[in-house]
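Report on the structure given below.
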Amino acid sequence: MTDAYAAAGVDITAGNRAVELMKVDVEATHNDNVLSGLGGFGSLFRLPTGYEQPVLVAGSDGVGSKLLLAIEANQHHTVGQDLVAMVANDILAQGAKPLFMLDYLGIDKVRPEHVSEVVRGIAQACQATGMALIGGETAELPAMYAPKHYDLAGFAVGIADQAKLLNPANVQAGDVVLGIASNGLHSNGFSLVRQLLLTNQQRDFKDLPQAQQVALLKPTRLYVKNVLPVIEAGLVVGAAHITGGGLVENLPRTLPAHLQANLECSSWHIPKIFAELAQVGNVSDADMLRTFNLGIGFVLVVHPEDVAKVINKLQHSLEQVTRIGVIGEKTGTDAIVMEGKLNYEY
């Protein structure tokens, strides 16, 4: 019997096989609040108790053009963590605890082992953040995607008491800015990365030095496990996930209009991959700061009396945390004032 849909490029049987392969990984993320498994028209999640005025915090994001490097490298298990981190870290920056996530995978052709590899990475990262992966969608779209190409999107929901959400109104002059280290590029700036290292050099990903290939595909760090406890302890008044736009675009979201963050550029070490990008493309410090995280993946704003407690707790969790600046009254139009010279590793 002819399968007309398969002849048109969509293999339902392969899709079902992919679901079977991912089932164990997905179900490993479930907890008592998950009320439905794979296969329903919607996913059911019971809200946890213990919140006086519960507020749901939702976020969505993708991995972006970093996927093009993963496709060239045929390495798909790390981009799942990138996807989870982009939404979970954003929810954390609001002061909320991530609860559950759904994913979307659009792909040229469902290759069950490939799909399950991607979803395994998503599921493992969800476990690491305490989130349940409660559903998703895999869409086989041969007319939409080039051969072996795919795209990812993630949607997550967190929860917090309304009174405990991080609010710029609580940030004061004299508060301290703490930077928590990234492990490299995370998932932002890859259009520029590809232009500088590949397009302009007329080479493919596989032509790059092995150390550079590894650096480019390091997955975005997950900050929830170590940072959420200090937020829930009431030791943090502001937080920022440093993604596209870098410190200069993301840190201002934590500040009231009359304050600025005065940052000392030399106070933290910038991983080597950023120095390589700046050198090969002769990229200005201003452009580097506006495009990349430059070694700071997450920022906390803390009252001075709580700084030692926060640093001790984070270092005990093996986070690399550095005092990178202080909040002051605004002296001009800029919310971020950078002082000193960027401290690149060479």
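Let me know the charge dipole size of the range 168-339 about its Cα centre in debye, to the nearest 20, where only the beta-carbon of Lys, Arg (+1) and Asp, Glu (-1) is charged.
520
Would you work out which of 69, 331, 209 lies farthest towards the positive end of the dipole of the chain, given +1 charges on the beta-carbon of Lys and Arg and -1 on that of Asp and Glu, about the Cα centre?
Towards the positive end, the residue furthest out is 209.
By average Cβ neighbour count within 10 Å, what is the ranking of 243-256, 206-219 from highest down? Kindly include the intermediate steps, with their values, before the conclusion.
Details: 243-256: 20.4, 206-219: 15.1.
Put in order of decreasing packing, that is 243-256, 206-219.
If you place +1 on the Cβ of every Lys and Arg, -1 on the Cβ of every Asp and Glu, and leave all else neutral, what size is the dipole of the range 4-164 about its Cα centre, to the nearest 20 Debye?
That gives the range 4-164 a dipole magnitude of about 60 debye.
Comparing 77, 186, 149, which has the greatest mean-square fluctuation in the GNM of the chain with Cα pairs linked when under 10 Å apart?
In this elastic network of the chain, the residue with the biggest mean-square fluctuation among 77, 186, 149 is 149.
Mind scanning 66/218; 148/225; 309/330; 225/313; 66/109; 97/164 and naming the pairs with a C-alpha gap bigger than 22 Å? Numbers along the way, then the final one.
Numbers: 66/218 10 Å; 148/225 34 Å; 309/330 27 Å; 225/313 12 Å; 66/109 20 Å; 97/164 11 Å.
As for pairs spanning more than 22 Å Cα to Cα, those are 148/225; 309/330.
Using Cα springs under 10 Å in a Gaussian network model of the chain, which residue among 131, 288, 101 shows the largest mean-square fluctuation?
Its mean-square fluctuation being the largest, the pick is 288.
Only Cα pairs under 8 Å and at least 6 apart count here; give the relative contact order of the chain as a rounded whole percent.
With pairs under 8 Å counted, the relative contact order is 22 percent.
So, how do all the Cα-to-Cα distances of the range 294-342 break down into 5 Å bins, in percent, from 0 on up?
Distribution as computed: 4, 15, 24, 23, 18, 11, 4, 1 percent.
Please report, in Å, the Rg and the Dmax of the range 6-141, where both are computed over Cα atoms only.
15.6, 55
Where does the chain land at 222 nm, in deg cm²/dmol rounded to the nearest 500, when only DSSP H runs of n ≥ 4 count, each adding -39500 (n - 2.57), divided by all residues? Each step should come with its number before you reach the end.
Values: 12 runs with 115 residues, N = 346.
-9500 deg cm²/dmol, from helical runs alone.
If you fit an axis through the alpha-carbon atoms of helix 272-281 and take the longest principal axis of the Cα set of the chain, what angle between them do you get, 0 to 90°, nearest 10?
In the chain, helix 272-281 runs at an angle near 90 degrees to the longest axis.
Going by average Cβ neighbours within 10 Å, how do the peptides 57-65, 86-94 rank, with the highest at the top?
86-94, 57-65
Roughly how big is the chain's charge dipole about its Cα centre, with Cβ charges of +1 (Lys, Arg) and -1 (Asp, Glu), in debye to the nearest 20?
Values: 24 positive and 35 negative charges, 69 e Å.
Dipole of the chain, to the nearest 20 debye: 340 debye.
Could you pull out every one of the lysines with an alpha carbon less than 19 Å from that of residue 341, ignoring same-chain neighbours closer than 8 positions?
Cross-link targets: 272.
Taking the Cα centre of each part, how many Å lie between the range 224-280 and the range 133-185?
Going from one Cα centre to the other spans 15 Å.
No value in this document is a laboratory result; all are computed from the given coordinates. Quantities reported herein were computed from a predicted structural model and do not represent experimental measurements. Cβ atoms come from the backbone with ideal geometry, glycine included; neighbour counts cover every protein chain shown.
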